[in-house]
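**Student:** Got a structure here, written out as structure tokens. Questions coming.
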6 protein chains.
Amino acid sequence: MRPSQRAADELRPVTIERNVARYAEGSCLIKFGSTHVLCTASLEDKPPAWLRGQGRGWVTAEYAMLPRATHTRTRRESTTGKQSGRTQEIQRLIGRSLRAVTNLQALGERQITLDCDVLQADGGTRTASITGAWVALHDCLKWMHGRSIIKEFPLRDHVAAISCGVSNGEAVLDLDYAEDSAAETDANFVLTGAGSLVEVQATAEAAVFTETQLNSMLTLARGGVSKLIELQKCAVA
Amino acid sequence: MRPSQRAADELRPVTIERNVARYAEGSCLIKFGSTHVLCTASLEDKPPAWLRGQGRGWVTAEYAMLPRATHTRTRRESTTGKQSGRTQEIQRLIGRSLRAVTNLQALGERQITLDCDVLQADGGTRTASITGAWVALHDCLKWMHGRSIIKEFPLRDHVAAISCGVSNGEAVLDLDYAEDSAAETDANFVLTGAGSLVEVQATAEAAVFTETQLNSMLTLARGGVSKLIELQKCAVA
Amino acid sequence: MRPSQRAADELRPVTIERNVARYAEGSCLIKFGSTHVLCTASLEDKPPAWLRGQGRGWVTAEYAMLPRATHTRTRRESTTGKQSGRTQEIQRLIGRSLRAVTNLQALGERQITLDCDVLQADGGTRTASITGAWVALHDCLKWMHGRSIIKEFPLRDHVAAISCGVSNGEAVLDLDYAEDSAAETDANFVLTGAGSLVEVQATAEAAVFTETQLNSMLTLARGGVSKLIELQKCAVA
Amino acid sequence: MRPSQRAADELRPVTIERNVARYAEGSCLIKFGSTHVLCTASLEDKPPAWLRGQGRGWVTAEYAMLPRATHTRTRRESTTGKQSGRTQEIQRLIGRSLRAVTNLQALGERQITLDCDVLQADGGTRTASITGAWVALHDCLKWMHGRSIIKEFPLRDHVAAISCGVSNGEAVLDLDYAEDSAAETDANFVLTGAGSLVEVQATAEAAVFTETQLNSMLTLARGGVSKLIELQKCAVA
Amino acid sequence: MRPSQRAADELRPVTIERNVARYAEGSCLIKFGSTHVLCTASLEDKPPAWLRGQGRGWVTAEYAMLPRATHTRTRRESTTGKQSGRTQEIQRLIGRSLRAVTNLQALGERQITLDCDVLQADGGTRTASITGAWVALHDCLKWMHGRSIIKEFPLRDHVAAISCGVSNGEAVLDLDYAEDSAAETDANFVLTGAGSLVEVQATAEAAVFTETQLNSMLTLARGGVSKLIELQKCAVA
Amino acid sequence: MRPSQRAADELRPVTIERNVARYAEGSCLIKFGSTHVLCTASLEDKPPAWLRGQGRGWVTAEYAMLPRATHTRTRRESTTGKQSGRTQEIQRLIGRSLRAVTNLQALGERQITLDCDVLQADGGTRTASITGAWVALHDCLKWMHGRSIIKEFPLRDHVAAISCGVSNGEAVLDLDYAEDSAAETDANFVLTGAGSLVEVQATAEAAVFTETQLNSMLTLARGGVSKLIELQKCAVA
């Protein structure tokens, strides 16, 4: 039995609340159980410097945790003077995931920044961020489309993400912090609405893993992402 | 008439929601109209290095805004590599204000950090932060007292803060962003429950000001802080 | 009786020596007793980047202390890698104070930087800096006017500053370091030649303060600033 | 046909030269074609601060590229003032991979740092680094064992890594820079001598990928890693 | 004829004023013509961390220029976030020069920091700094000796420094900024009272130089340093 | 007898291997005994910002050591966040030395960066760097000349460098780390093929030195540099 009494293939309660930030072009507050992430999309009228003059836009992401999102207070990155390696890994992953379903030509010479700020952290913050950031991006693009800033709608598909792990030798879905800390293997899967893979990251923590376990986790992830994409569809309907 | 249709001595709607952060020893979400600040109190079992061995504790604060709390996106301080002068001024002010009503001897050799993270900014973020941080601090101290970590309750009084300004020649209370941007003078007042002054900061923006205007603002601030302290009392009752 | 044997409304001996820096467009060495600040004004032919193309100029300030200006050596900010919060607060205050009496349109698209470097610190360094920086700014503008760089003289009025405090329950003027360290309340007042207020900053240190004490300090500050402005007039005559 | 004329499952020529650094406790120069990485192992007599007193050691890694390892010169990270997100991702991966096959208890309260410095970069620098770092770590542990610093030999197994990709729809092994730049999907696999998985990272670059493609890449990786581990065995024999 | 109308072997007017900093254990203001450097010595009761427990002390130096010491304003190093290469070279040179004549055993486990702050710069700031820092160090050691903090006086000899150059093919002494900017070769010599060499730094600027020119400069430097040491003797008499 | 059994005027075995970096426009691996430095020359099509529009180019250098080039591991400068004072001194010296023999007009508005990365350090890394960087620069300029990027060949002469020291009272050439650590005086000499001096740096370490010793070291350096320039000639022949 899992610590949270959930079945191996059972997500935590997931909710998506849209339009939570007054000034952002798109936003949502996404909750995976006690993990709460505020996602905002900010439109800028020019692309990053290295992309100017190429007729394309860019989608990027930044990720951070509030100092007391966690069990014990984490030092603020503005006082350490730099973003940690973990922060940079996560925000690069969020950006890649969203770009995989965005037509950057259709976006034109603009940039959209997805800010994913973790208000409360109980495991799975990066997968909640990707799933919520898609909603914020969607709403930002709708906002642009409604104002005729873009002609063609640049989103090609949904994208969502979920964590899996091997816990006591069994593959399980959507680990909370307690389960994640004790898991042998930790994995994150990013998939599209069409079921294609965007990113697979599987890491041996306490023990190495087998191809069978990788495939079991992937199967669980497919099921979980399907449900998340249903929730995205309801949210933006 | 003020842009917000409020009377000169009228606060925006203020709400305080406690216990919003699962892991913090004390927390609240305070709203002054569209200004929303998440305040958490984090207890650490040792004082800062420079205070060790003196039998006293410390109360400090950190302040930040989410990148899209504002009309246009603000760059994240973790990517600029340092906190701005404005951020440092504000967090020093919050810390001083709370220490003015805290018995640091009674706290013992411990540190409490108040994190004030602005989720949405429409003027008055520093005064909302002070007012909300008092609630988070109060709840943290209650938490400690309930566990017999401290014997004597270290809070001597309430403390709350409000902004005033001179707008079109008239003193007004609790400016929102639109009014603040156009005001001739900008001031912040921090007062205790007993009506004593903790901090006065008045700055000529578009025009210098008179002693009469300073006193008019102080009178408005007294009224505003009285109401804020009533709200604090209701919140922690 | 005050530690310095001065009356409550008595300034320390104040002197202003002009033209102390060979290369600067304006400069002075100002002394408030044992507090010595070297103020220079440097003209730059273009405004800061964010102000370009608006037909206006800018006046800004930087503040620093030599490492051994103080009783014990202070670490150099170039080796800590950043300016402290205190330094940033002070230099922002100096800049605001001078801009309050400067016609930035008349200055044209240029920037003047006031560098206030404390050679020796015995309390009141920020108020000495403001008072001296006005002289350096005046001389820089005269230099520009003499060379027909500007047509209209941009200074509208004098500006000067003085500290006050509540010490043993009594309001006193121009605190030195020994008195400042022990004072209950610490305040800084910036006023113009016409007697208008530019900035009021009052902070409870050891004890909160009353409106009466605030007004007593303001009365002392008016008297002190009048004398400082007389000294500025003599200096630039 | 691949740009390099290799078969889909064909590695570039791989060589491992040991004892290339006079002062290091273990070292090798590993070449995957034109990708050359110098790996050194440095023993330190105490673990990192956060691990003290727990009776265990630590294995960590740092990764860097010489400025002109690449086609055009890359700015040195010591002059930008920080390590890039990419650098941090890679060195965290190298460290995790080696720890997965190391008995940290048997290492005792010590730290071994694997420095992987890329002298020349033609794709696959992170997988060459992992494969070479294992050799340097092995030799460092042998050095320690030979001096009776440790009783039990802490290495449990080999570990090696290889990149795969989907190029023109086909899974291919060990991409060089030209092929990697044009590939639709990019993946890195870290496996042990026993064939267990340590890390899987697969990323959609130009196009999303399928589960079938993921499995094809994994099959190629197994073959490649087998050969690399044979080379490690020859090198340390 | 030199731009300053001086003979090839003629120093600028040099003055040394002691006891210019109220709080420092030793201090002087040294002027080489229009080059003015404020030198202070600060005693700290413990040596740097890397020297603890060895029974010896340390003498170190820091160097900086005020922003408007120069013809055009130089950016403050606290705002660039680091000391320039030039600053570090100079302060390392000052420290080495003073340590060459100090008995670090006799100093005991303490550190003396010489701060050399250039108030005005007209060439030769590093040589003025060394020459003045010796006086500040001397006075600090006298202060310690007078209080019986040390038994043996740790200064073994005088040390002073002067710049030379090759200008229009001729060796000249003590270049000011105008002459230095146009010189073919620039050199700095540090010598003791006994005439021994402590440091020689000669650099081809506009043209390479010959051994004869090096020796001519050294001869000039000997003469110049003799006079500087006479001035040091007068100053501390 | 010297620790290395060499005569006072005897170089360590020196070798220069060209074309060691696949992508650089010029490169060599230079060895002075166990000191190994990889030198690359990188051409950039524009000069540094401060030189634009003046019709001239620039030659600059960067220097670094791999972490385990040394007996004990040195912390990587990218993790400390800045280059040390020593690093900056050395790279400034390398750049000045090469510019002394380069016609920057003939180079045109371009920049060549010489990267000197020390793979293994046994004393004399800066002199090996200068000597090797000349070869890399030569080859880069030949590469440019061969492609008609430049018409006139900009190198005016050879330049090479060697260290000397006073060891047990005797002047010796080309010190290795063991000898350098114990020497009384440490010196570096940079000379041209024509025998002119480019840079002389002599520093008292354990003891001051005499003019006679300076001249003895210079004589040794002349002999050593002659041999190094012969080796440069062979290398590029």
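The values are calculated or read from the model by the stated rules, or taken from the named source; none is laboratory data. Computed from a predicted structure; not experimentally measured. Because the Cβ atoms are built from the backbone with ideal geometry, glycine has one as well, and the counts that use them run over all protein chains shown.
**Student:** Kindly indicate whether D:SER196 is at pLDDT 95 or above and surrounded by fewer than 20 Cβ atoms within 10 Å (Cβ to Cβ).
**Tutor:** yes
**Student:** May I pose another question? Taking the range C:56-69, which residues are of a type in the set (A, V, I, L, M, F, W, C) and either within 15 Å of C:ALA161 (Cα to Cα) or not in a helix (DSSP H, G or I) (or both)?
**Tutor:** Scanning the range C:56-69 gives C:TRP58, C:VAL59, C:ALA61, C:ALA64, C:MET65, C:LEU66.
**Student:** Taking the range C:70-89 on its own, how many of its residues are assigned to a loop (DSSP other than H, G, I, E, B) and touching a helix residue (DSSP H, G or I) at 6+ places or on another chain (Cβ under 9 Å)?
**Tutor:** 10
**Student:** Is it the case that D:THR131 is touching a residue at least 12 places away in the same chain (Cβ under 8 Å), in contact with a Leu (Cβ under 9 Å, 6 or more places away or on another chain), closer than 25 Å to D:TYR23 by Cβ and surrounded by 24 or more Cβ atoms within 10 Å (Cβ to Cβ)?
**Tutor:** Working: touching a residue at least 12 places away in the same chain (Cβ under 8 Å): yes; in contact with a Leu (Cβ under 9 Å, 6 or more places away or on another chain): yes; closer than 25 Å to D:TYR23 by Cβ: yes; surrounded by 24 or more Cβ atoms within 10 Å (Cβ to Cβ): yes.
It is true that D:THR131 is touching a residue at least 12 places away in the same chain (Cβ under 8 Å), in contact with a Leu (Cβ under 9 Å, 6 or more places away or on another chain), closer than 25 Å to D:TYR23 by Cβ and surrounded by 24 or more Cβ atoms within 10 Å (Cβ to Cβ).
**Student:** Does any residue of the range B:101-115 turn out to be among the aliphatic types (A, V, I, L, M) and under 30 Å from B:MET217 (Cα atoms)?
**Tutor:** Among the residues of the range B:101-115, at least one is among the aliphatic types (A, V, I, L, M) and under 30 Å from B:MET217 (Cα atoms), which makes the answer yes.
**Student:** Okay, moving on. Got at least one residue in the range B:90-108 being over 24 Å from C:TYR63 (Cβ atoms), touching a Ser or Thr at 6+ places or on another chain (Cβ under 8 Å), hydrophobic (A, V, I, L, M, F, W, C) and part of a loop (DSSP other than H, G, I, E, B)?
**Tutor:** So far as the range B:90-108 goes, yes, one or more of its residues are over 24 Å from C:TYR63 (Cβ atoms), touching a Ser or Thr at 6+ places or on another chain (Cβ under 8 Å), hydrophobic (A, V, I, L, M, F, W, C) and part of a loop (DSSP other than H, G, I, E, B).
**Student:** Return the residues of the range E:85-95 that are at the interface with chain F (Cβ under 10 Å from one of its Cβ atoms) and within 30 Å of E:LYS151 (Cα to Cα); say none if nothing qualifies.
**Tutor:** E:GLN91, E:ARG92, E:LEU93
Residues are listed down the side, and each one gets a yes or a no for (1) under 20 Å from D:VAL190 (Cβ atoms); (2) more than 11 Å from chain A (Cβ to nearest Cβ); (3) touching a residue at least 24 places away in the same chain (Cβ under 8 Å):
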residue: D:TRP58; (1), (2), (3): yes, yes, yes
residue: D:THR70; (1), (2), (3): no, yes, yes
residue: D:GLN83; (1), (2), (3): no, no, no
residue: D:SER97; (1), (2), (3): yes, no, yes
residue: D:THR102; (1), (2), (3): yes, yes, yes
residue: D:ALA106; (1), (2), (3): no, yes, yes
residue: D:THR113; (1), (2), (3): yes, yes, yes
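**Student:** Now a separate question. I'd like to check which strands (runs of 3 or more DSSP E) are fully inside the range F:3-46 and have at least 2 residues that are of a type in the set (Ser, Thr, Tyr).
**Tutor:** Output list reads F:35-44.
**Student:** Shifting gears a bit: Could you figure out which of (1) modelled with pLDDT of 95 or more; (2) within 25 Å of E:LEU29 (Cβ to Cβ) isn't true of E:VAL172?
**Tutor:** Of the numbered conditions (1) modelled with pLDDT of 95 or more; (2) within 25 Å of E:LEU29 (Cβ to Cβ), the odd one out for E:VAL172 is (2).
**Student:** If you take the residues in the range D:1-56 that are at the interface with chain F (Cβ under 10 Å from one of its Cβ atoms) and surrounded by fewer than 19 Cβ atoms within 10 Å (Cβ to Cβ), which one is nearest to D:GLY123 (Cα to Cα)?
**Tutor:** Restricting to residues being at the interface with chain F (Cβ under 10 Å from one of its Cβ atoms) and surrounded by fewer than 19 Cβ atoms within 10 Å (Cβ to Cβ), the top hit is D:SER34.
**Student:** Quick check: anything in the range F:24-36 farther than 25 Å from F:ALA183 by Cβ and of a type in the set (Lys, Arg)?
**Tutor:** No.
**Student:** With respect to the numbered conditions (1) among the hydrophobic types (A, V, I, L, M, F, W, C); (2) more than 15 Å from F:ASP117 (Cα to Cα); (3) touching a residue at least 60 places away in the same chain (Cβ under 8 Å); (4) outside any loop (DSSP other than H, G, I, E, B), which one is the sole condition not fulfilled by F:TRP50?
**Tutor:** It is condition (3) that F:TRP50 fails.
**Student:** While we're on this one: Can you list the strands (runs of 3 or more DSSP E) found entirely within the range B:132-237 that contain at least 1 residues being within 14 Å of another protein chain (Cβ to nearest Cβ) and either farther than 30 Å from B:THR72 by Cα or among the charged types (D, E, K, R) (or both)?
**Tutor:** Passing ranges, in order: B:159-167, B:185-192, B:197-204.
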